[in-house]
Amino acid sequence: MSRGKTIAEKILSAKSGEDAYAGQIVNAEVDYVMVNDVTGPIAFREFEELGMEPVRERMVLIPDHYVPNKDVASAEQAKEMREFARRYAIDNYFEVGRSGVCHQLMVDEGFAAPGRLIVGADSHTCTYGGLGAFSTGVGSTEAAAVFATGRLWFKVPESIKVLLSGDFRPGVGGKDLVIRIISDIGVDGATYKTFEFAGDGVAQVPVSDRLTIANMAIEAGGKAGIFPCDPSTEEYIAETVKGDYRVYEADDDAQYCLTLHYDLGELEPMVAFPHLPENGRAVKDSDVSIDQAWLGSCTNGRIEDLRIAAEVVKGRTVHPDVRFIVVPASPRVYRQAMKEGLLEIFMEAGAYVSGPTCGACLGGHMGILAAGERCVASTNRNFIGRMGHKDSEVYLAGPGVVAASAVAGRIVAPDDLEAV
Amino acid sequence: MENVKGKVWRFEDHVDTDQIIPAERLLAENLDKMDEFIFEKVRPGMSQKISRGDIIVAGKNFGCGSSREHAPRSLLQAGVSCIVAESFARIFFRNSLNVGLLLVECPVAAREGDELEVRPKDGKVMNHSSGETFEFPQYPEFVSKLVEAGGLMNLIKEGRF
Ligand code: SF4
């Protein structure tokens, strides 16, 4: 009898038609392939050379990094995507106004769903593992290959089991957990591997936090980070999901290369110091003044994150030396935040609220840092020069810490603010 | 897979793609001149000093970070013939195969400026400055096929994928 399988092995078996186990290389059918305005142009050029028909219903084209166009060069780049979408009649192209951070849009528009195999020419494509999909980042040429064939090769990854128990304390969430995990195993601790989350604690992790955690699997080198699908997943996607999906569960006798255990109740607010996501420290052990606080991105730009941050800044004011920039990740998030009065709260406090874009997360535009400046950001990368000048610094934290720091002018947790 | 020979540019662990080519350079208009921007934030001037055939030697997790294919493409444009590292980040690894940049996973002792020779078919890296030789295993079969073909697009064109 063959041995049991992990969720990754099951999805890759189903999509390749092979009895796949870790270590094998399979050729699998892809459900969706996504490119953004930065990775798209290379993919389009590679694809056009083939002179083949594309698998158009499975392609998703999302301008987000440099839109609304930052300058002439980015305008030309965005135009290249728009024209490609027209030329090949790609329906899943999202124009500015209907577009947002690609990974949030993939969730909002119902492309991401349990059991699907999704690739994207963006490393944080692993985000949809939060919903139980197997999704991973690929390069532009590989995206072009999927445009043409609908398939791609995968090395079936070994999986690391992350057993969760307990429940988060107030003010602690998914971002704190994922910074802890990356700090424990290192930025290459999961290279070529997949995280699979399990245990009673999973039910205590809100789905939006699962997306945050899966999003940062790549920051430990991981290929994917997969949560099991449960009733809260189904509820989360019920209104938006496109088409059918299939739920896969890991077998009891599936093999894992490593098992980690985290009691959610023991975690505390974390911040990852420059210049690697593995430099996590407890917020209470940090003493860092900041020039900017940035809330948004595919990691923590969801409505749930904005609610947490708004709760913190409500009735308070942003520190006079700080620019607090709030960027809802998608039109859906933006609209919801508007309805709930969250944008009002941010603006009252003295924050700058922008429309959806990747913007400063990648050092693109809308909040670039000057030499020597420090930013606490709800993003996922704090590499050298990531948000601007090479001598600027990025500190990664969850939405509560970002908001509290905006008020305090240094990195603190919401609990450290004096009662209003 | 030809043998390559060149001067060493030495890097340590976790060289990320933002270091290789910063995000602000990722514009379609730069695609033909990406070599000008390699390592501009961490090694200013490298793009002018590099010679065709030079080899990058690094530690663990080379190419971590974003999926930008601009990273291996810019290095290739700049004339880098091969990267020898203890390990590579997975998307960078896949991208390099597709654009035809030779990668060798092998810990080697080499200093900046050493003369290195990589013989992919023999699985050997020779440091001519120190006289040491290092050995590395062959790629799995499918990956070798990809490398021989010069990337996935060529396999598709030849009807082999
Ligand atoms: S929000 Fe940041 S990390 Fe996410 S896709 Fe955009 S640039 Fe990349």
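The values are calculated or read from the model by the stated rules, or taken from the named source; none is laboratory data. Keep in mind that what you see is a predicted model, and the values were worked out from it rather than measured. Glycine also receives a Cβ, built like all others from the backbone with ideal geometry; neighbour counts cover every protein chain displayed. For accessibility, only protein heavy atoms count, side chains too; no ligands or nucleic acids. Shrake-Rupley method; radii C 1.70, N 1.55, O 1.52, S 1.80 Å.
So which pairs qualify, if the first residue must be in region A:61-74 and within 9 Å of another protein chain (Cβ to nearest Cβ), the second must be within 16 Å of the ligand (Cβ to nearest atom) and part of a strand (DSSP E or B), the Cβ gap must be under 8 Å, and the two must be at least 6 apart or on different chains?
Listed pairs, sorted by first residue: A:His65/A:Asn36.
Looking only at region A:154-185, filter to residues that are more than 13 Å from A:Leu264 (Cβ to Cβ) and open to solvent by 10 Å² or more (accessible area, probe 1.4 Å); which one of those is nearest to the chain's Cα centre (by Cα)?
Among those that are more than 13 Å from A:Leu264 (Cβ to Cβ) and open to solvent by 10 Å² or more (accessible area, probe 1.4 Å), it is A:Ser183.
Do you know which of the residues in region A:344-366 that are away from the ligand (no atom under 12 Å from the Cβ) and buried (at least 19 other Cβ atoms within 10 Å of the Cβ) is farthest from the chain's Cα centre (by Cα)?
A:Ala349
Which condition from (1) surrounded by fewer than 23 Cβ atoms within 10 Å (Cβ to Cβ); (2) closer than 21 Å to A:Val38 by Cβ; (3) away from the ligand (no atom under 16 Å from the Cβ) is the one that B:Met1 breaks?
The failed condition is (2).
Does A:Arg98 satisfy the condition of being open to solvent by 60 Å² or more (accessible area, probe 1.4 Å) and touching a residue at least 60 places away in the same chain (Cβ under 8 Å)?
In short, yes.
For residues that are open to solvent by less than 20 Å² (accessible area, probe 1.4 Å) and over 14 Å from A:Met366 (Cβ atoms), tally how many sit in region A:319-335.
Total satisfying the criteria: 3.
What is the one condition in (1) away from the ligand (no atom under 14 Å from the Cβ); (2) assigned to a helix (DSSP H, G or I) that A:Asp167 does not satisfy?
A:Asp167 satisfies every listed condition except (2).
For region A:53-73, how many residues meet the condition of being buried (at least 24 other Cβ atoms within 10 Å of the Cβ) and either more than 11 Å from A:Asp37 (Cβ to Cβ) or not charged (D, E, K, R) (or both)?
7
Considering only region A:19-40, I want to know if a residue exists there that is open to solvent by 30 Å² or more (accessible area, probe 1.4 Å), without any contact (Cβ under 8 Å) to a residue 24 or more places away in the chain and in a loop (DSSP other than H, G, I, E, B).
Among the residues of region A:19-40, at least one is open to solvent by 30 Å² or more (accessible area, probe 1.4 Å), without any contact (Cβ under 8 Å) to a residue 24 or more places away in the chain and in a loop (DSSP other than H, G, I, E, B), which makes the answer yes.
More than 19 Å from the chain's Cα centre (by Cα), part of a helix (DSSP H, G or I), among the small types (Gly, Ala, Ser) and farther than 14 Å from A:Asp122 by Cβ: is that true of A:Ala89 in this structure?
No.
Can you tell me how many residues within region A:75-92 are more than 12 Å from chain B (Cβ to nearest Cβ), open to solvent by less than 40 Å² (accessible area, probe 1.4 Å) and either of a type in the set (Lys, Arg) or more than 17 Å from A:Arg45 (Cα to Cα) (or both)?
Residues flagged as more than 12 Å from chain B (Cβ to nearest Cβ), open to solvent by less than 40 Å² (accessible area, probe 1.4 Å) and either of a type in the set (Lys, Arg) or more than 17 Å from A:Arg45 (Cα to Cα) (or both) within region A:75-92 amount to 1.
Within the bounds of region A:310-326, is there any residue that is within 14 Å of chain B (Cβ to nearest Cβ) and assigned to a loop (DSSP other than H, G, I, E, B)?
no
Among the numbered conditions (1) surrounded by 20 or more Cβ atoms within 10 Å (Cβ to Cβ); (2) touching a residue at least 12 places away in the same chain (Cβ under 8 Å); (3) within 11 Å of chain A (Cβ to nearest Cβ), tell me where B:Arg94 comes up short.
Here B:Arg94 clears every test but (2).
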